[in-house]
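Have a look at the structure below before the remarks.
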Amino acid sequence: MRSACLIFNPVAGQSDPEQDLLTIQTLLEPEIDLDIRLTTPDVDAGQLAHEAVARGVHMIIASGGDGTLSAAAEALVGTNIPLGVISRGTANAFASALEIPDTIEAACQTILTGRMRVVDTARCNGKPMVLLAGVGFEAEMVEKADREAKNRLGMLAYILAGVKQLREFETFEAKIETDEKVITVTAGAVTIANAAPPTSILAQGPAGIIYDDGLLDLTVVAPENRTGAIASAYHLFQSAFRGDAAERDDIGYLRARRIKVTADPPQKVVLDGEIIGTTPIDVECIPGGLTILVPMTQEVQPLEKLQGLPELSIESKSEFVLE
């Protein structure tokens with residue numbers, strides 16, 4: 001029987017944590033020997049994961065919101081110990097970005113029957129980053145969506161917080177430095193992504209966020225006013241779900257291994273769903289840093305491809321019977 005440390009955040013999401021934990025145990029314990037550890041206000045997922053690694057654990061399963069999953073993942077960077085993910089947060093961006101199911105039943109099935117995939121991680125001011133760091137608008141929006149609102153309204157809490165933040169929309173002077181260039185711009189939002197689902201629209205400047213290319217994806221949204229901010233956000237929403245790169249003059253993007261951002265005045269920073277302070281930030285990609293369990297998908301190969309051959313003629317034999 002396999003063994004794993006299950007790190008469980010009892011205050012994540014809106015469901016009954018006792019029932020959630022019981023469901024996870026019912027699904028996994030017939031095949032996996034679970035060492036269950038609960039996070040507390042004093043002991044977070046990162047500490048529990050580091051302790052599990054020190055004990056020589058074979059696998060870590062993290063269950064909670066994006067902050068819990070990111071903290072647990074950081075302890076596994078460079079270890080080759082696989083991470084299983086059971087998302088129970090408000091946004092569940094971690095699972096969505098890595099194409100992991102966000103229901104307990106499907107997530108447990110992925111842990112039992114999935115495959116291991118190596119993906120990039122990053123560090124932001126020395127802290128672990130699996131998803132993204134947001135400067136400006138996104139950080140202000142996340143801060144306005146407090147825990148009580150998220151517990152009561154779920155994802156709607158973020159939408160309402162975004163609408164409220166638009167009323168207070170302000171720009172700032174941003175200095176963005178990569179290994180190759182220094183960019184100075186007046187912006188409303190700067191987002192640095194390692195991985196991000198389409199719903200994280202302020203990260204969607206490039207045509208798709210690639211989470212195993214050894215690079216970070218930077219998106220700069222620089223509207224002149226509130227109307228421009230609404231228009232650029234809507235454009236990013238559309239382009240993200242089409243898989244296209246943004247095509248507005250007030251949206252810029254690039255890819256780089258390391259990105260530093262300073263702002264005047266200093267701006268709040270959100271890291272993997274949690275406010276961590278203010279700028280400046282220094283983000284560096286860690287290529288192939290994390291091994292994660294993802295669904296076992298099988299590419300369906302086409303049975304035939306004949307169209308396009310020169311002087312092609314195809315006749316149906318359905319009327320004939322072979323003897």
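Name the single residue, out of those in the stretch 265-283 being farther than 22 Å from ALA45 by Cα and part of a strand (DSSP E or B), that is least open to solvent (accessible area, probe 1.4 Å).
Restricting attention to the stretch 265-283, the residues satisfying the condition of being farther than 22 Å from ALA45 by Cα are 265-268, 278-282.
Still in the list and also part of a strand (DSSP E or B): 268, 278, 281-282.
Numbers: LYS268: 60, THR278: 81, ILE281: 6, ASP282: 43 Å².
Selected residue: ILE281.
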Residue pairs meeting the criteria (Cβ under 6 Å; at least 6 apart or on separate chains; first aromatic (Phe, Trp, Tyr), in the stretch 252-270; second crowded, with 17+ Cβ neighbours inside 10 Å and assigned to a loop (DSSP other than H, G, I, E, B)): TYR253/GLY205; TYR253/PRO206
Residues (touching a Ser or Thr at 6+ places or on another chain (Cβ under 6 Å), without any contact (Cβ under 8 Å) to a residue 60 or more places away in the chain and assigned to a loop (DSSP other than H, G, I, E, B)) located in the stretch 53-98: HIS58
Check on ALA62, closer than 20 Å to GLY288 by Cβ and surrounded by 16 or more Cβ atoms within 10 Å (Cβ to Cβ): yes
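What number of residues within the stretch 49-59 are over 21 Å from the mean Cα position of the chain (by Cα) and either open to solvent by less than 80 Å² (accessible area, probe 1.4 Å) or among the charged types (D, E, K, R) (or both)?
Pass one, the stretch 49-59, residues over 21 Å from the mean Cα position of the chain (by Cα): 50-58.
Restricting the remaining residues to those that are either open to solvent by less than 80 Å² (accessible area, probe 1.4 Å) or among the charged types (D, E, K, R) (or both) gives 51-53, 55-57.
The number of residues fulfilling the criteria is 6.
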Residue pairs meeting the criteria (Cβ under 6 Å; at least 6 apart or on separate chains; first acidic (Asp, Glu), in the stretch 30-52; second outside any helix (DSSP H, G or I) and modelled with pLDDT of 95 or more): ASP35/CYS5
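Specify the residue that is most open to solvent (accessible area, probe 1.4 Å); the eligible residues are those in the stretch 14-38 that are out of contact with any strand residue (DSSP E or B) (no Cβ under 8 Å at 6 or more places or on another chain) and in a loop (DSSP other than H, G, I, E, B). Spell out the reasoning first.
Going residue by residue through the stretch 14-38, those that are out of contact with any strand residue (DSSP E or B) (no Cβ under 8 Å at 6 or more places or on another chain) are 14-16, 18-19, 22-23, 26-27, 29-30.
Still in the list and also in a loop (DSSP other than H, G, I, E, B): 14-16, 29-30.
Values: GLN14: 110, SER15: 61, ASP16: 85, GLU29: 74, PRO30: 91 Å².
The qualifying residue most open to solvent (accessible area, probe 1.4 Å) is GLN14.
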Qualifying residue in the stretch 244-263 (condition: surrounded by 20 or more Cβ atoms within 10 Å (Cβ to Cβ), within 17 Å of LYS127 (Cβ to Cβ), of a type outside the set (Gly, Ala, Ser) and modelled with pLDDT under 90): no
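The values are calculated or read from the model by the stated rules, or taken from the named source; none is laboratory data. A quick note: this is a predicted structure, and the numbers were derived from the prediction, not measured. Cβ coordinates were reconstructed from backbone atoms using ideal geometry, including for glycine residues, and neighbour counts include every protein chain displayed. For accessibility, only protein heavy atoms count, side chains too; no ligands or nucleic acids. Shrake-Rupley method; radii C 1.70, N 1.55, O 1.52, S 1.80 Å.
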